[in-house]
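Trainee: Sending over a structure as structure tokens; questions will come in a sec.
The values are calculated or read from the model by the stated rules, or taken from the named source; none is laboratory data. Note that the structure is predicted; figures quoted are calculated from it, not measured. Positions of Cβ are generated from backbone atoms using ideal geometry, with glycine treated the same way; all protein chains shown enter the neighbour counts. For the accessible areas, the whole protein counts, side chains as well, though only heavy atoms, and no ligand, DNA or RNA atoms are used. Shrake-Rupley method; radii C 1.70, N 1.55, O 1.52, S 1.80 Å.
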Amino acid sequence: MIHLPKEETKLMVAVHGWSGILLGLVLYAVVITGMAAVFAEEIGIWSAGHVETQSAFERPIDHAVRDLAARTPAKFHEDVDLFEIGDHNLGVFFHHHETAPNGELVSRGVYYQLDREGRIASEQHGTGEEVFGPRNDDALSSFLVDTHVRLHVPDPWGLLLTGILGLAMLVAAISGLLIHRHLFKDIFTLRRKASPVLADRDRHSVAGTWSLPFAFVLAFTGSFFSFFGTVGVPIVAMAAFGGDQQALSDAVFGNPGKPNPQPHPIGNLDRIAADMIKRTGEAPTFVTIEHFGRADAIVTSFHPPRPGDIEPSTLVYNGATGAFDRQKPSIGTQPSAGGTLVAIMAPLHFGNFGGIFSKAVWFGLGFAMCYVTFTGLRLWLVRRREQRSLDWLERTVTVIGLGLPVALLGSAVGFLVTMPLGSAVFWTPTAFLIVSAAAILAGIFLRTHDLLERMLQLAIALLLIALPMIRLATGGPGWPATLETGQLAIMAVDLAMLVGGGWTLWAIMKRRGEHAAIVRPVLQPAE
């Protein structure tokens, strides 16, 4: 149990309440889109109808990359990035590094998108920021991830905002822990027959207490990612490298070795890819080739954590010979506690260290955090309902708390309808804005708050049930086709939406029945 003096407890309650009410709604938006971002890969497969299960790195890529190198100016051979795009196709970015006028390190070069046969489907020239962006087939997943990472606010302000929200979550978690006088008792206390306010408070406390460790992890790792590039890198580069961010990157992430600029053909990339998959058991998520076409070329592959591990794997190959060199820490040249801590930040934040099981757990804990944030705001309002008129704030909480999921589902509808037309990049965020505007107008003009709440809940239920049907109606693959190819993510997302929509509809009907049962005895004497 935690015991604080009365005055300190009151202070912690005030800190907990005001930190939640001031930033709670934006924090709620970050967490709920984070829930979707956990399954961004699966949502991308589901929404675009991708049925391919073989990685691009399990198919021949050597000849295609050599042909691209021959048509690409030599100045962009400094680095080559290889990664999967779309339905397990290959993206290749030949580039060099340069410093922008503001001191920021940027990559400039030629970005190729290849189809399954290795033919060029798209060629773009420019900086990484200019050439990388949502494609027609991944507009939905890109929209969800970008909303979570930076709330679509321009860099660096979006990252700074989400970093501040992460710190606010830490404050709310710590203050919430301190005001629990009976922490272990609160974990299991659910007074189902208590008044609605007490029952809501119990559910808030139980969900908040069980998700406290997750809140700490999510807040800390999220703040790290937000502040790492916007604040950490420039400060360290200025302090230790005279402001040279390239030198910092080479020291922290690079592969130090003796330069040898003599021309030399790159080793066989197909053999390298086969070896890296054999060693890790997983296709790489990203491959980079430093000094392509030189004797000192180095191939580095990045892989998800092995089963039972939480730290990603990084393998290094001699680029000229194709021979395996070593397994490298993600940070630095030698294993270290700090390097391991940084390496596990991403798996801990996105929950992808244990495959679909850990993702499901992270999704559930994210749902609990959303519930805690939403119910905490409503409890704060209930306690002050008699003091002042806060109907406008109560409606605002409902519009954001329930309207945001409706808008996200609306963006999925916009994507599914317009992807076959090739205009999903525009219509995905546009559909989100249209549905958001409709929810705001409903919050302004609907007669009662209860009617607003029921309408938004019903919209969530109906959209969840309708989305799998819309996907099929717009040309998405059916379940037999996905079973035949082994792409089970599509069927799993369909089932999750149908179950979620059905449960939401059942909860609405149950609540309506309970409300009728309460009202009926009051009306009978009057009759």
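Trainee: Roughly how many nanometres apart are two label points built 7 Å out from the Cα toward the Cβ at Val231 and Glu41?
Mentor: 3.1 nm
Trainee: Separate question: What ranking do 289-296, 324-331, 25-32, 78-85 get when scored by the average of other Cβ atoms within 10 Å per residue, highest first?
Mentor: 25-32, 289-296, 78-85, 324-331
Trainee: For Ile120 paired with His264, estimate the spin-label separation in nm (one decimal), with each label point 7 Å from Cα along the Cα-to-Cβ line.
Mentor: My value for the distance between the label points is 2.9 nm.
Trainee: So if R0 is 41 Å, what FRET efficiency would Ile356 and Ala70 give, r being the distance between their Cβ atoms, rounded to the nearest 0.05?
Mentor: For Ile356 and Ala70, the calculated efficiency is 0.50.
Trainee: Further question: Step through the residues of the stretch 127-144 one at a time and calculate ³J(HN,Hα) from phi using the Karplus curve (6.51 cos²θ - 1.76 cosθ + 1.60, θ = phi - 60°), rounding each to whole Hz and writing x for Gly and Pro.
Mentor: 7, x, 5, 7, 8, 8, x, x, 9, 4, 8, 10, 4, 5, 5, 5, 5, 5
Trainee: Would you work out the relative contact order for the stretch 350-455, in percent, from Cα pairs under 8 angstrom that are 6 or more residues apart?
Mentor: 20 percent
Trainee: Then there's this: Gain in length, Leu381 to Thr127, computed as 0.36 nm per residue apart minus the alpha-carbon separation, to one decimal in nm?
Mentor: 86.6 nm
Trainee: Would you grab the residues whose amide H sits under 5 Å from the one on Glu78? Only those 5+ places off in sequence or on another chain, please, with H modelled 1.01 Å from N.
Mentor: For Glu78, whose amide H was placed from the backbone, the distant partners under 5 Å are His95.
Trainee: How much length, in nm to one decimal, is gained on full extension between Val499 and Ile440, taken as 0.36 nm per residue of separation minus their Cα-Cα distance?
Mentor: Taking Val499 through Ile440 to full extension adds about 18.5 nm, to one decimal.
Trainee: Could you pull the Rg and Dmax for the stretch 267-389, using just the Cα atoms, both in Å?
Mentor: Expressed in Å, the Cα Rg and Dmax of the stretch 267-389 come to 22.1, 77.
Trainee: Continuing with the same structure: Only sites in a loop by DSSP and with at most 12 other Cβ atoms within 10 Å count here; which GluC sites (Glu not before Pro) in the stretch 107-158 make the cut?
Mentor: Of the GluC sites (Glu not before Pro), the ones in loops of the stretch 107-158 whose Cβ has at most 12 other Cβ atoms within 10 Å are Glu117.
Trainee: In nm, give the distance between the simple-model label positions of Trp479 and His449, each being 7 Å from the Cα along the Cα-to-Cβ direction.
Mentor: 4.2 nm
Trainee: Please list the equivalent ellipsoid semi-axes of the stretch 443-506, computed as the square roots of five times the alpha-carbon gyration tensor eigenvalues, in descending order and whole angstrom.
Mentor: Each semi-axis is √(5λ); the values are 32, 11, 7 Å.
Trainee: Counting only protein heavy atoms and using a 1.4 Å probe, what share of the accessible area of the stretch 309-398 belongs to carbon plus sulfur, as a whole percent?
Mentor: 63 percent
Trainee: Next question. Just in the stretch 398-489: which trypsin sites (Lys or Arg not before Pro) are loop by DSSP and have at most 10 other Cβ atoms within 10 Å?
Mentor: Sites meeting the loop and neighbour criteria: Arg447.
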